[in-house]
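For reference, the structure is listed below as structure tokens.
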Amino acid sequence: MPRRRKITIRASELECFETLVRELHQRPEFAGFDPSSLHVWTYERYEPKLKDADAILRRFDYWLGVHKGERYLMANGSRLFNKRSWPRR
């Protein structure tokens with residue numbers, strides 16, 4: 001999956017900045033922190049896209065050819081997936 005873009009906002013640009021600073025000063029772990037260094041970030045939303053489906057299908061068909069001696073789930077006469085159970089550890 002591709003990385004999502006990180007969106008950073010300086011907290012001083014938010015309307016709730018004073019409230020955030022007041023709340024953080026009440027916590028012992030933020031006793032001496034610099035409020036100007038406070039940032040808020042989020043990651044952009046995205047829909048994953050399937051790229052080059054033909055190449056994926058070719059690779060899958062190659063994989064099926066390599067593993068042709070194994071058992072498969074059949075549907076309409078076509079092999080779909082390998083039914084072989086994986087070894088347990």
Assuming 0.36 nm per residue, please report the length gained on full extension of the stretch HIS39 to LEU57 beyond their Cα-Cα distance.
2.0 nm
Does anything in segment 1-29 have its amide N under 13 Å from the 7 Å Cα→Cβ label point of TYR46, and if so which residues?
1-7
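In terms of solvent-accessible area of protein heavy atoms at a 1.4 angstrom probe, what is the ranking of VAL40, VAL21, VAL66, highest value first? All intermediate terms of the calculation are to be shown ahead of the outcome.
On the way: VAL40 60, VAL21 20, VAL66 85 Å².
Correct descending sequence by accessible area is VAL66, VAL40, VAL21.
The values are calculated or read from the model by the stated rules, or taken from the named source; none is laboratory data. This one's a predicted model, so the numbers in the text were calculated from it and none came from an experiment. Don't worry about glycine lacking a Cβ; one is built from the backbone with ideal geometry, like all the others, and counts go over all protein chains shown. These accessible areas exclude ligands, DNA and RNA; they are computed on the full protein's heavy atoms, side chains included. Shrake-Rupley method; radii C 1.70, N 1.55, O 1.52, S 1.80 Å.
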